[in-house]
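The values are calculated or read from the model by the stated rules, or taken from the named source; none is laboratory data. Being a predicted model, the structure only gives us computed values, none of them experimental. Here the Cβ positions follow ideal geometry from the backbone for every residue, glycine too, while neighbour counts run over all protein chains shown.
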């Protein structure tokens, strides 16, 4: 028994040293998912226990929150980075206002220099829908111009349904990437389109991507009824959190316990009733906002700030921010190429200062980046010819009639069919459509007209 205990102790010590060396080898730290992908021999719960002991002994430091939390060797800890380097973390290619730079200077200070702060209810209460504006009118005008699609007057959700396949990949990948997910865009495409999980990736990363797909499909499929109410929000969170929370009962449910925000002096509300009341007010205000971009940005500000769920709050806010854009047939906000550190810094500005300027500058840059990706898609989605749509069945029947009677002149069949069934003011245009359809007829479209290759070949031989 004594030898068994000694052997067990040596095994634990060896695993601890190996784990510490794995993290030490990465100056930028490792998330738990990344660590497990490198050490497939290590059970998740074992890794969590070893990490907890190393943090307790002062050899490791945790940075961030939730699934994006990174573990650093104390030698590589971000706290040892100079202030100049910290200031450079926010990418220079994202334009910032003077107010945003002021926020950045504050949150780049060490934790000890920032004042601990709790949830400021007046931040939410002071907002008056359609009278208070986080996005000034010129900025909203600019966003509308960037995001306008040809479906702007179509039924709600027309555009998001038309681009759904691309949307599922882009938004799932980019939103997951902001949580430290290491799937590539190509990996994400293979998973979503073919159900093929990437090799060497942790199961938690695969689950995160699949949850995003489910949540996006949920929003698009229910766009006519989805609103900023408890039902939509809870089910959206449930879809995103499935199989990712330590306690499955927390999926789609208001949290019942306090939470900490990693590397922040912000402390969210902890009393369940206070969270419930604040969420009711938040959803009521969001529902009353008329402008889709203001509504979208409001959710990105206030949902993570409240932290109504045990985890997965920011992911929920990013998808919720797209709901008004889907409804208005605007380009989606996919968060493509948004740097994780930039997003984290902008969110900290809201948490610790109740200020939105840095997040607003990032929102504008991110939306412009998203719309650039979707310009080509918008151009490819040509408007259907209304005449061809109106007489779709007639055109199919007429083309079939022509091909099935190769002995008769095609134009005479077209003339008789059109004269018999089409109103006089549309006859010339429909004739032209039929002639064009005949000209483009080939074996790849025969099924559309209920024709067989042999029937088409017989007609071609005569004409």
Condition (residue is modelled with pLDDT of 70 or more, part of a helix (DSSP H, G or I), in contact with a helix residue (DSSP H, G or I) (Cβ under 6 Å, 6 or more places away or on another chain) and within 23 Å of residue 338 (Cα to Cα)) applied to region 87-100: is it met by at least one residue?
yes
Go through (1) in contact (Cβ under 8 Å) with a residue 60 or more places away in the chain; (2) outside any loop (DSSP other than H, G, I, E, B); (3) out of contact with any helix residue (DSSP H, G or I) (no Cβ under 9 Å at 6 or more places or on another chain) and name the single condition residue 232 misses.
(3)
Identify, by number, the condition in (1) surrounded by 20 or more Cβ atoms within 10 Å (Cβ to Cβ); (2) closer than 20 Å to residue 167 by Cα that residue 303 doesn't meet.
(2)
If we scan region 353-360, do we find a residue that is at negative phi and not in a helix (DSSP H, G or I)?
yes
Scan region 340-350 and give yes if some residue there is under 16 Å from the mean Cα position of the chain (by Cα) and over 14 Å from residue 103 (Cα atoms), otherwise no.
yes
Determine if region 42-58 includes at least one residue that is at pLDDT below 80 and part of a helix (DSSP H, G or I).
yes
